[in-house]
């Protein structure tokens, strides 16, 4: 259940970054048009550079999300592997304790 929740959140984050990435070229073009009235302006170059940087940023973010999902899956599997022996040990301890307890020391329910 935990792994599925992490996958859902990761998918949501990746989709939001993809949406921003799809809107980025349009935004860059609008800024270029807005600054096109300034003669000999290097704004076009800078807007292209910022647009490319944003695209790289989005790709890096998506890769980081994928790595986090992989690590979460690994940790979850490790917890499953390590948790089973611990649960069995606790069950054995509790059953041993129940067998060892003396009947005259047990208090009836509801009485101190």
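Every number in this text was worked out from the coordinates using simple rules, so none of it is lab data. Keep in mind the model is a prediction, meaning the values are calculated, not measured. Cβ: placed from backbone, ideal geometry, glycine included. Neighbour counts: every protein chain shown.
Output the number of residues of the stretch 14-53 satisfying the condition of being more than 21 Å from the chain's Cα centre (by Cα) and assigned to a helix (DSSP H, G or I).
Step one: of the stretch 14-53, the residues more than 21 Å from the chain's Cα centre (by Cα) are 22-53.
Filter again for assigned to a helix (DSSP H, G or I), leaving 22-34, 43-53.
Final tally of qualifying residues: 24.
Go through the stretch 1-37 residue by residue and tally those that are out of contact with any helix residue (DSSP H, G or I) (no Cβ under 7 Å at 6 or more places or on another chain) and more than 30 Å from residue 79 (Cβ to Cβ). Outline the logic, then answer.
In the first step, residues of the stretch 1-37 are kept if they are out of contact with any helix residue (DSSP H, G or I) (no Cβ under 7 Å at 6 or more places or on another chain); the result is 1, 4-5, 8-9, 11-12, 15-16, 18-19, 22-23, 26-27, 29-30, 33-34, 36-37.
Now restrict to residues that are more than 30 Å from residue 79 (Cβ to Cβ): 18-19, 22-23, 26-27, 29-30, 33-34, 36-37.
Here the count works out to 12.
Residue 40 satisfies every condition listed in (1) loosely packed, with under 14 Cβ neighbours inside 10 Å; (2) touching a helix residue (DSSP H, G or I) at 6+ places or on another chain (Cβ under 6 Å) except (2).
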